[in-house]
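What follows is a short report on a single structure.
The values are calculated or read from the model by the stated rules, or taken from the named source; none is laboratory data. From a predicted model like this one, the values you see are computed outputs, not experimental measurements. No Cβ is skipped: glycine too gets one built from the backbone with ideal geometry, and neighbour counts run over all protein chains shown. When the accessible area is computed, the model is the full protein with side chains, heavy atoms only, and any ligands, DNA or RNA have been set aside. Shrake-Rupley method; radii C 1.70, N 1.55, O 1.52, S 1.80 Å.
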Amino acid sequence: MRSNGDVPQQKAGGRWLTVLFLQAVVAVYAAASVAAKFASGHAFLSQGFFVCYGAELLLLGFYALLWQQVVKHLSLTTAYANRSVAVFWGLLFSAVVFGERITVQNLLGVAVIFAGVLLVNTEKEEPA
């Protein structure tokens, strides 16, 4: 059994595939917020509320299972830095699903997040 900080070493291509998978996992996390937004549009405890709230819980449960698999292959520092890309997914979902406006400030904020994530992802991880 590995200790919490002991992350298996990966080849560069495998690491980027893991990071790409992580982004899909983060998108699932952000999709749970879409279900929550839909739930908020229904009367509390109505059938529509329970359907949307149930979808949110299912997405969060699926996310938790996938997250466990991701952190097996990345350090927690790298995984959490990449999780910040949920802001991007939230903006994308808000625009596509709800027709919300994306501002220049939103785009600049996402650019700063992407720059930080790129810095973290290009840093070599040291074995614990």
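The selection criterion, being at pLDDT 90 or above and open to solvent by 40 Å² or more (accessible area, probe 1.4 Å), holds for Ala43. On inspection, Phe62 passes the criterion of being under 13 Å from the mean Cα position of the chain (by Cα) and not small (Gly, Ala, Ser). Considering only region 31-44, I want to know if a residue exists there that is in a helix (DSSP H, G or I), under 15 Å from the mean Cα position of the chain (by Cα) and under 23 Å from Leu119 (Cα atoms). No - not one qualifying residue is present in region 31-44. State yes or no: is Leu20 within 30 Å of Thr122 (Cα to Cα), without any contact (Cβ under 8 Å) to a residue 12 or more places away in the chain and of a type in the set (A, V, I, L, M, F, W, C)? The answer is yes for Leu20.
Filter region 93-106 down to the residues that are in contact (Cβ under 8 Å) with a residue 12 or more places away in the chain and open to solvent by 60 Å² or more (accessible area, probe 1.4 Å), then identify the one that is farthest from Val70 (Cα to Cα). Restricting to residues being in contact (Cβ under 8 Å) with a residue 12 or more places away in the chain and open to solvent by 60 Å² or more (accessible area, probe 1.4 Å), the top hit is Phe98.
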